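The structure under discussion appears below in the form of structure tokens.
The values are calculated or read from the model by the stated rules, or taken from the named source; none is laboratory data. It should be emphasised that the depicted structure is a prediction, and the values quoted were computed from it without experimental measurement. Cβ sites come from the backbone with ideal geometry, for glycine too, and all protein chains shown count toward neighbours.
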Amino acid sequence: MKRVVAVLVVLLWLAFPFCSHAQEKAQGQQGPKVWDLSHELSEEIPVFPGGIPFQKRAAATMERDGYLAHRLQLGEHTGTHVDAPIHFEPGALSVGELPVERLIGPGVRISIATKTAGESILLRSPDGKRRKKLLQYPDVALDTQDIAQWEAVHGPIPKGAVVLVDSGWASRWSNPARYRNSDKDGKMHFPGSSSAAAVFLTERGVKAVGVDTLSVDPGVSEDFLAHRIFAERGIVAIENLTNLDQLPEEGFDVVIAPLKIRGGSGAPARVFAFQGAGLSYQGAGPTVAKARLGSPRAAPAPRGPAGESGQGEGDVSLKRWLPSNPIQENEEISIKEIHRTPEWSAHVVQIRTREKSHLHKDHDVIVILERGRGTLSMGTQRRVLTPGTIAFIPRGVVHQFVNESEEPALAFVISVPPSDSKDTVPAEFTSP
């Protein structure tokens, strides 16, 4: 019996190194889980109207030159790509200037795929039978309610996050006509982000926002307001992503790798998601774009560090609007319209001490304080605003701003149509 036990002990001792090595090898093979979120570039891929299609031509062949190389033609915004802030904000960071720290962050996936399936309507056929028909052009967008529902489960979106909006639209990529989804008048219909959701995400301090469609704005958008909101705050936009449905809702990391083009408004990118890579980050949140709050069609504003002329950087960019419209000694409030479209408008507002209590019946309001300090009251809620703060005021909410600084407060105010009649803003978004 003792001999049998001794033999077993020897065999186990001899086998242990091999078992241990096999276990280590298996663990090494598993490693971090990786998802490729980029489409392959080819000449068949869809492009935004006016964009530059991808082309690949032989520059060298194996038979003729002994090696293979190609000449490429494509636009900055072809395929899976990044929109740098300068794409919509004059003087902001170009794609070549984006710090590496701004291109990596913890991932958040918010799904709106159930909304993009389209609405069904009941039709009565000539024989009297009723049948359902799916609407061909569903116009939906990420709204604040979608974000609130995600946060109700996972908690607030972390500062410095890369938010990926999964609409399920990537399944149409192989059919460019369905991906653009244009109606008979040429207007496109695909999901994106509402302006209210865009402001919400800037409040959370995200680094980047990615979508699986041609644009972070819905296809029907004519003012590209989500683009402008993200660009003004220095947030990177990523478009034409894929495989978002394979990601968990949180607990992963995202790496964005665009071409480093000097002065580029964007660049094709390879985008990856990792789980279990143990990444760490510096500079959790984005810094404000170099030029802030400029008119979409205005020339770049002069730039300088905060305090260079006794003003903050944001105030420097707004100076071009002020000479013709300074607040007068006998005025309590001064308002100047600087941009208007059928859907939205933008104003520069100066307030000496306080504005009258009022509400907006037909539109939401985005307020960005540029100078001064004060308290924004909305019903029973109060919020202190300081330079650079963004506040969202839903339609139908009575509000008032009281300036608490010695000089007139200066704010940039955008009026936008409500993103959804059922859209609600969580109390934590508007409370102190």
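What to note about this one:
- Residue list for segment 205-225, filter: crowded, with 24+ Cβ neighbours inside 10 Å and either touching a Cys at 6+ places or on another chain (Cβ under 8 Å) or over 24 Å from residue 247 (Cα atoms) (or both): 225
- Residue count, segment 77-99 (criterion: surrounded by fewer than 24 Cβ atoms within 10 Å (Cβ to Cβ), more than 21 Å from residue 39 (Cβ to Cβ) and not hydrophobic (A, V, I, L, M, F, W, C)): 6
- The strands (runs of 3 or more DSSP E) found wholly in segment 365-404 and carrying at least 2 residues that are in contact (Cβ under 8 Å) with a residue 40 or more places away in the chain occupy 381-385, 390-393, 399-403.
- Checked against the criterion of being surrounded by fewer than 17 Cβ atoms within 10 Å (Cβ to Cβ), modelled with pLDDT under 80 and assigned to a strand (DSSP E or B), the candidates 343, 428, 337 yield just one match: 337.
- In segment 130-155, the residues that are modelled with pLDDT of 60 or more form Cβ pairs under 6 Å with partners that are among the aromatic types (Phe, Trp, Tyr), at six or more places apart or across chains, as follows: 144/200; 147/200.
- Residue count for segment 214-269, restricted to those that are of a type in the set (A, V, I, L, M, F, W, C) and not in a loop (DSSP other than H, G, I, E, B): 17.
- Test result for residue 177, surrounded by 24 or more Cβ atoms within 10 Å (Cβ to Cβ) and either more than 18 Å from residue 38 (Cα to Cα) or small (Gly, Ala, Ser) (or both): no
- Segment 232-273: number of residues that are among the hydrophobic types (A, V, I, L, M, F, W, C) and over 23 Å from residue 74 (Cα atoms): 6
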